[in-house]
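Heads up, the thing below is written out as structure tokens.
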Ligand SMILES: [Zn+2]
């Protein structure tokens, strides 16, 4: 029975999803309420296990930028009839005390920055570069797409059966991995080159919609490249390379600026 449901969901929902702006067709067949519920719980779990920053000034700064970008994006999605992408979203922006040069986002608008990345961001526009990239992962449903891919690879309907409802440890580990936080549960699954490039591209459009300085994007990635060292998950994933990233950004900046002017 569950495979029939699986097939129906697969055919019914997967057929009609596309990423805004880039227009890429994607396969996302995990029901959104399940993704959002898993994400909410995973986010709480990570925050509970983390040391949150007590620097109110920095926390408020981060939230102000996050709210400005997410509001601009929501307004845009409504104007083009894509509210479906933010249904049930409750944005949250938190700052975790950690030296890691990283930030991440889970479905439903759950974003976290590590304090270690702030000096590399340098200014509000730099924070907006990272923030827009993370918001883009959430808007483009990359978490759902990755969970859907995992389901296909495993040939199981785990996510759609009781295990999902009970949020078993296996399902929660699967979700964490899909949301780019696999390192928290000992599994590393960096975002694919396709997802990273798409988050970079969408991020520029989102920055432009919110009125930030796009020239800061390549500068941020140059500073990031200069920090060298290892490559922790998500933001510093090894692909695409910094130079490819910067080159693509320089190509997309005029397009994003022109796009925002038309809105
Ligand atoms: Zn990313």
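The values are calculated or read from the model by the stated rules, or taken from the named source; none is laboratory data. From a predicted model like this one, the values you see are computed outputs, not experimental measurements. Don't worry about glycine lacking a Cβ; one is built from the backbone with ideal geometry, like all the others, and counts go over all protein chains shown.
Only one of (1) within 24 Å of residue 53 (Cβ to Cβ); (2) in a loop (DSSP other than H, G, I, E, B) fails for residue 88. Which number is that?
(1)
Please go through the stretch 12-52 and pick out each residue that is touching a strand residue (DSSP E or B) at 6+ places or on another chain (Cβ under 6 Å) and more than 18 Å from residue 91 (Cβ to Cβ).
Selection gives 18, 25, 50.
Among the residues of the stretch 106-151, how many are without any contact (Cβ under 8 Å) to a residue 24 or more places away in the chain and either in a helix (DSSP H, G or I) or within 18 Å of residue 82 (Cα to Cα) (or both)?
Taking the stretch 106-151 as the starting set, the residues that turn out to be without any contact (Cβ under 8 Å) to a residue 24 or more places away in the chain are 114, 116, 119.
If we keep only those that are either in a helix (DSSP H, G or I) or within 18 Å of residue 82 (Cα to Cα) (or both) as well, we get 116, 119.
The number of residues fulfilling the criteria is 2.
Determine whether the stretch 149-168 contains at least one residue that is modelled with pLDDT under 95, closer than 27 Å to residue 227 by Cβ and surrounded by fewer than 24 Cβ atoms within 10 Å (Cβ to Cβ). Give the steps one after another, and end with the answer.
Here is the first cut: in the stretch 149-168, the ones modelled with pLDDT under 95 are 149-168.
From the residues that got through so far, the ones that are closer than 27 Å to residue 227 by Cβ too are none.
No, that holds for no residue.
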